[in-house]
Amino acid sequence: MLKGKTAVVTGSTSGIGLGCARAFAAEGVNVVINGLGDAGEIEATRAAIETDFGVRCIYSPANMLNGEEIAGMIEMAEKELGSVDILVNNAGIQHVSPVEDFPINKWDAIIAINLSSAFHAIRAAVPGMKKRGWGRIINTASAHALVASPYKSAYVAAKHGIAGLTKTVALEVAESGITVNAICPGYVWTPLVEAQIPDTMKARNMTEEEVKRDVLLKAQPTKKFVSIEQVAGYAVFLCSDTASSITGSILPIDGGWTAQ
Ligand code: NAD
């Protein structure tokens, strides 16, 4: 049912975004991937999506710090691939620091990339979706859209903000065949999480297994990471007809984290 549609997935050169892009491509969806990284690696990622799934895949270098570049990415997708039917606002960064020491430039960047970029992309994509009477907007939020952790003020503020944006836009477009939802993963094993392990091992004098279980997965009752495939599968489900009454929802996929 999704075959031939177009998806734009921000922050899809690695991790959850790349998983979503590949999951949509597996359904026959043409995709625009976006994100930072080595040019050669990005081209290999892009080409692999085309050869693995027989769809078109275009890379957009739009920087999620820049509203004009984001609008340009949506315009390019509509021009090159005919439409933007599915928009996954996924790009995100993290910085961990007590609030009184939190670098101002990190605060600004996290709010811009994790929150404002979704506003810019939604603003640009909604008119086309309304015209076609169909659209799916999925924001990758986080368990931190529902609960807080210390030292993550900007991230938690941005993710709570994404929840508010999700609900508001869902109400505005509810009669236009467009759904807007936020997926809220707990810890997912991605480069963003993997990168935190060596420093934490050193700082806490722990083994890798201890860091995973007693630090990262401390709040996650299943004591298992959520997989990229599980998050991507959730995103594909939200684009199905079965999910067409799910809108304005803030949806945890977090191994029980926010049940506590
Ligand atoms: P990741 O680091 O693997 O991917 C982040 C993506 O965002 C990359 O493609 C990166 O290039 C891109 N990006 C960063 N800054 C950018 C910019 N200025 N312009 C364009 N692209 C930019 O991380 P991930 O874990 O896959 O995270 C993806 C999303 O999932 C984020 O919004 C994150 O907050 C959220 N999330 C992750 C977890 C987790 O445990 N990994 C849990 C909950 C939510």
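Within the range 24-39, which residues are within 15 Å of the ligand (Cβ to nearest atom) and either over 18 Å from the mean Cα position of the chain (by Cα) or surrounded by fewer than 24 Cβ atoms within 10 Å (Cβ to Cβ) (or both)? Leu36, Gly37, Asp38, Ala39 - these are the residues of the range 24-39 that are within 15 Å of the ligand (Cβ to nearest atom) and either over 18 Å from the mean Cα position of the chain (by Cα) or surrounded by fewer than 24 Cβ atoms within 10 Å (Cβ to Cβ) (or both). Return the pairs, sorted by first residue and then second, in which the second residue is of a type in the set (D, E, K, R) and part of a helix (DSSP H, G or I), the first residue lies in the range 45-62 and is modelled with pLDDT of 95 or more, the beta carbons are less than 7 Å apart, and the residues are 6+ apart or on different chains. From the range 45-62, the pairs are Ile49/Arg22; Arg56/Glu50; Cys57/Arg46; Cys57/Glu50; Ile58/Glu80; Tyr59/Arg46; Ala62/Glu69. Counting only helices (runs of 4 or more DSSP H) that sit completely within the range 141-260, those holding 1 or more residues that are modelled with pLDDT of 95 or more and touching a Leu at 6+ places or on another chain (Cβ under 6 Å) correspond to 153-172.
Per-residue answers, yes or no, for (1) more than 14 Å from the ligand (Cβ to nearest atom); (2) farther than 16 Å from Ala232 by Cα; (3) of a type in the set (Lys, Arg); (4) crowded, with 20+ Cβ neighbours inside 10 Å:
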site	(1), (2), (3), (4)
Lys3	yes, yes, yes, no
Thr10	no, no, no, yes
Ala21	no, no, no, yes
Gly54	yes, yes, no, no
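Considering each residue of the range 139-155 in turn, none proves to be over 27 Å from Lys218 (Cα atoms) and buried (at least 21 other Cβ atoms within 10 Å of the Cβ). Being over 14 Å from the mean Cα position of the chain (by Cα) and either within 13 Å of the ligand (Cβ to nearest atom) or assigned to a helix (DSSP H, G or I) (or both) is the requirement here; does Gly92 meet it? Spelling it out, it is not the case that Gly92 is over 14 Å from the mean Cα position of the chain (by Cα) and either within 13 Å of the ligand (Cβ to nearest atom) or assigned to a helix (DSSP H, G or I) (or both). If you filter the range 236-249 down to residues that are crowded, with 20+ Cβ neighbours inside 10 Å and β-branched (Val, Ile, Thr), you find that the one that is nearest to Thr166 (Cα to Cα) is Thr247. In the range 100-116 there is no residue matching the filter, namely being under 20 Å from Ser14 (Cβ atoms), outside any helix (DSSP H, G or I), within 14 Å of the ligand (Cβ to nearest atom) and touching a residue at least 24 places away in the same chain (Cβ under 8 Å).
Taking Glu69, is it of a type outside the set (A, V, I, L, M), in contact with a Leu (Cβ under 9 Å, 6 or more places away or on another chain) and surrounded by 15 or more Cβ atoms within 10 Å (Cβ to Cβ)? The answer is no for Glu69. Within the range 168-194, the residues that satisfy the criterion of being away from the ligand (no atom under 14 Å from the Cβ), surrounded by 21 or more Cβ atoms within 10 Å (Cβ to Cβ) and among the hydrophobic types (A, V, I, L, M, F, W, C) are Val169, Ile178, Val180.
Looking only at the range 125-138, residues that are part of a helix (DSSP H, G or I) and either out of contact with any helix residue (DSSP H, G or I) (no Cβ under 9 Å at 6 or more places or on another chain) or buried (at least 22 other Cβ atoms within 10 Å of the Cβ) (or both) come to 6 in all.
The values are calculated or read from the model by the stated rules, or taken from the named source; none is laboratory data. Please read all numbers here as calculations on a predicted model, not as lab measurements. A quick note on method: Cβ atoms are made from the backbone with ideal geometry, for glycine too, and the neighbour counts reach across all protein chains shown.
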